[in-house]
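A.B. asks: For reference, the structure I am asking about is given below.
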Amino acid sequence: MTRILSTKKLAANQKQFLLNAGFSVIDADFITIKYLQFALDPINDNLIFTSANAVRAVANHPDVQQIRRKPCFCVGEKTAALLDEVGFTVIEIADNAAELGMLIEQKYTAETFTFFSGNLRLDTLPGWFCEWNVTCNEITVYQTKLTPVNAAETDGILFFSPSGVDSFLSANELNKQTCFCIGETTAGALKGKTQNIVIANKPSVENVIIQCINHYK
């Protein structure tokens, strides 16, 4: 039986999808999220979200109504859906931070931005904005903590963030397992560690699971 490890707890229906395909599944949260206190000041004309965690943090802020009408740029369909659900308007969606940065460079360099981020965010967007002289300030709204688990031997591993990769590698080794990644950024965290990488077609948990099933079937 093919043994799969998910580096985040799966929803019941997501886990069942793998079980129905004949896999054994272990799932655990290799990272935990802590929402921080922060001020919505200063806020520029456009908002950037690269994760659903940032959306949740901002949506729960007592002064969120003050910024709800500002246009949003985001990474991932799930992030966009959550923004829509909590009353924001999304004008641009990209599959990853690199694509979002290129889109802004092509069409929006005259605009100003506020980037809501986590403490372990990559330098992709801030670095490019500095290079392109795009006005952008950053507000850290959540903290990611690595919570590694000593994993049993598996055939495939599902990864959903660079932090999840770092957490796994802090307590485990990669041998011949195939790594299924939610996107290019997560796959980049495995560079030099393994060549057995499959990247999802869309940045969603469901698509990572589909890629895993298709790979072994």
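A.B. asks: Through the Karplus equation 6.51 cos²θ - 1.76 cosθ + 1.60, θ set to phi - 60°, convert the phi angles of region 106-121 into ³J(HN,Hα) values in whole Hz; use x for Gly and Pro.
C.D. replies: Once θ is set to phi - 60°, the couplings for region 106-121 become 6, 10, 9, 5, 7, 7, 10, 9, 10, 9, 8, 9, x, 5, 9, 4 Hz.
A.B. asks: With the chain treated as a Gaussian network of Cα nodes joined by springs under 10 Å, which of Lys15, Lys34, Lys191 yields the largest mean-square fluctuation?
C.D. replies: Lys191
A.B. asks: A follow-up question, please. Got a sec to turn the phi values of region 156-169 into Karplus ³J(HN,Hα) couplings, 6.51 cos²θ - 1.76 cosθ + 1.60 with θ = phi - 60°, whole Hz, x for Gly and Pro?
C.D. replies: Each residue's phi maps through the Karplus curve to give x, 10, 9, 10, 10, 6, x, 5, x, 5, 4, 5, 4, 5 Hz.
A.B. asks: Please sort by residue number the GluC sites (Glu not before Pro) in region 130-217 whose DSSP state is loop and whose Cβ has at most 13 other Cβ atoms within 10 Å.
C.D. replies: Hits after loop and neighbour filter: Glu153, Glu173.
A.B. asks: Give, rounded to the nearest 20 debye, the magnitude of the charge dipole that region 33-144 has about its Cα centre when Lys and Arg contribute +1 at Cβ and Asp and Glu contribute -1 at Cβ.
C.D. replies: 360 debye
A.B. asks: For Kirkwood radius over Cα pairs in Å, which listed value, (i) 18.2; (ii) 16.8; (iii) 18.8, comes from the coordinates shown?
C.D. replies: Read-out taken from this structure: (i).
A.B. asks: When each pair of different Cα atoms in region 33-144 is counted once in the 1/r mean, what is the Kirkwood radius in angstroms, to one decimal?
C.D. replies: On the way: mean 1/r = 0.0726 Å⁻¹.
Radius from the Kirkwood sum: 13.8 Å.
A.B. asks: What residues have an amide H closer than 5 Å to that of Ile31, excluding those fewer than 5 places away on the same chain, when H is modeled at 1.01 Å from N in the peptide plane?
C.D. replies: Here Thr147 satisfy the definition.
A.B. asks: Pick out which of Tyr35, Tyr142, Tyr108 has the largest mean-square fluctuation in a Gaussian network model of the chain, springs linking Cα atoms closer than 10 Å.
C.D. replies: Top of the fluctuation ranking is Tyr108.
A.B. asks: Let's see if you can work this out: charge +1 on each Lys and Arg Cβ, -1 on each Asp and Glu Cβ, no other charges. What is the dipole magnitude of the chain about its Cα centre, in debye to the nearest 20? Please report the intermediate quantities before stating the final value.
C.D. replies: On the way: 18 positive and 22 negative charges, 125 e Å.
Charge dipole of the chain: 600 debye, to the nearest 20.
A.B. asks: Just name one of Val75, Asn119, Ala57: the one whose Cα is farthest towards the positive end of the charge dipole of region 1-160 (beta-carbon charges, Lys/Arg +1, Asp/Glu -1).
C.D. replies: So the residue furthest toward the plus end is Ala57.
A.B. asks: Follow-up. By DSSP, what percent of the beta bridges with both residues in the chain are antiparallel, rounded to the nearest 5?
C.D. replies: 15 percent
A.B. asks: Filter the cross-link list Lys9/Lys107; Lys15/Lys193; Lys34/Lys193; Lys34/Lys70; Lys9/Lys217; Lys145/Lys191 down to pairs whose alpha-carbon distance in this structure exceeds 32 Å.
C.D. replies: Exceeds cut-off: Lys9/Lys107.
A.B. asks: Go ahead and run the numbers for FRET between Asn201 and Val149, Cβ-Cβ distance against an R0 of 25 Å, rounding to 0.05.
C.D. replies: Efficiency at R0 = 25 Å is approximately 0.35.
A.B. asks: Could you give the length gained by full extension between Glu138 and Lys9, i.e. 0.36 nm per residue of separation minus their alpha carbon distance, to one decimal place?
C.D. replies: Value of the extension gain: 43.5 nm.
A.B. asks: Further, regarding this structure: Report the residue, chosen from Ser51, Ser170, Ser161, that carries the largest GNM mean-square fluctuation when the chain is represented by alpha-carbon nodes joined by springs under 10 Å.
C.D. replies: For the chain, modelled as a Gaussian network with Cα springs under 10 Å, the answer is Ser170.
Just so you know, all these numbers are worked out from the coordinates, no wet-lab data involved. Computed from a predicted model, the values in this text were never measured in an experiment. As a convention, Cβ positions derive from the backbone with ideal geometry for all residues, glycine included, and neighbour counts pool all protein chains shown.
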